[in-house]
Structure formats: C-alpha cells, structure tokens
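Here, each number is a calculation from the coordinates, and none is a lab measurement. Here the structure is a predicted model, which means the values were calculated and not measured. Every residue, glycine as well, gets a Cβ built from its backbone with ideal geometry; the counts of neighbours run over all protein chains shown.
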Amino acid sequence: MGYRRFGLRSDHRKAMLRNTVTSLLDAEKITITETKAKDIRRLADQMITLGKRGDLHSRRQAQAYLMSDDVVYKVFTKLADRYSDRSGGYTRIIKTGFRKGDGAPMVIIELVD
C-alpha cells in the first residue's frame, strides 16, 4: 500500500490532509501525531516546490489543493523566495513525547529556516 489510511474514508482523509498542510504552511509550525506528520511532510514539500516553480499551472495546482488563497499567496511569494536555493527538505520533525489520552507519539512539524 502506498499511503496511510488513518482509519478514515478517502474523502475524510483527503480533507484532513489538505487542512493540515494548509495550517502548516500558514502557521509554519504545528503539533500533530507522528504518522500524520510523515504524510504531511511529503505534501508540504510538494506545495513549496510548486511555489518555487512559480508558473500559472503550478499556482492553479496549489489553489486546487490548499484551502486558503492567502496561503497560496504566501507559498508563491515568501516561501518560494526563502527556499529558492534549497533543493528539498523544507520541513523538520521534532519528537515531543506521547499524548496523555491515548499514548500516541506526538511531534512538532515545522518549516526549516
């Protein structure tokens, strides 16, 4: 299998990933479970790569995926400039411990400076 299901239906899983990637690119740092962070890292890197490409087709692809036009603007201006000389690895995952309720491993995923 090429992806994690998270025990969700496909439409719910896709919406959860889209919302979380949008939140990460907006806030640049979020706390989430480790398995979700590993999936989100791949998608966030793809969005930043679209921003670095900078053409109209890339912008429309990003607008189709991200949930906010303000975040799309941020990706194509601020983040694309910040990572113009970097060829990948735009995110960092830092382990923070375990969640109190169910013991799930929690991490902080953030954009690299």
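A few remarks follow.
- For the range 67-76, filtered to residues that are among the β-branched types (Val, Ile, Thr) and touching a residue at least 24 places away in the same chain (Cβ under 8 Å), the residue that is surrounded by the most Cβ atoms within 10 Å (Cβ to Cβ) is 75.
- Annotation for the range 58-66: at least one member residue is surrounded by fewer than 17 Cβ atoms within 10 Å (Cβ to Cβ), of a type in the set (D, E, K, R) and closer than 18 Å to residue 19 by Cα.
This table checks each residue for (1) part of a strand (DSSP E or B); (2) out of contact with any Lys or Arg (no Cβ under 7 Å at 6 or more places or on another chain); (3) on the phi > 0 side of the Ramachandran plot.
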{"position": "63", "(1), (2), (3)": "no, yes, no"}
{"position": "70", "(1), (2), (3)": "no, yes, no"}
{"position": "76", "(1), (2), (3)": "no, no, no"}
{"position": "80", "(1), (2), (3)": "no, no, no"}
{"position": "84", "(1), (2), (3)": "no, no, no"}
{"position": "95", "(1), (2), (3)": "yes, yes, no"}
{"position": "101", "(1), (2), (3)": "no, yes, no"}
{"position": "108", "(1), (2), (3)": "yes, no, no"}
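- Of all residues in the range 1-48, those that are aromatic (Phe, Trp, Tyr) and over 22 Å from residue 100 (Cβ atoms) total 1.
- Considering the range 29-44, and only residues there that are part of a helix (DSSP H, G or I) and either out of contact with any strand residue (DSSP E or B) (no Cβ under 8 Å at 6 or more places or on another chain) or among the β-branched types (Val, Ile, Thr) (or both), the residue that is surrounded by the most Cβ atoms within 10 Å (Cβ to Cβ) turns out to be 40.
- Looking at 24, 50, just one residue is among the aliphatic types (A, V, I, L, M), out of contact with any Ser or Thr (no Cβ under 6 Å at 6 or more places or on another chain) and either in a helix (DSSP H, G or I) or under 13 Å from residue 111 (Cα atoms) (or both), and that residue is 24.
- Filtering the range 87-110 to residues that are more than 18 Å from residue 22 (Cα to Cα) and in contact (Cβ under 8 Å) with a residue 24 or more places away in the chain leaves 88, 95, 96, 99, 104, 105, 106.
- Within the range 27-47, being more than 19 Å from residue 105 (Cβ to Cβ), among the charged types (D, E, K, R) and without any contact (Cβ under 8 Å) to a residue 60 or more places away in the chain holds for one residue alone: 45.
- Looking only at residues in the range 1-21 that are surrounded by fewer than 16 Cβ atoms within 10 Å (Cβ to Cβ) and within 19 Å of residue 106 (Cα to Cα), the one that is nearest to the chain's Cα centre (by Cα) is 19.
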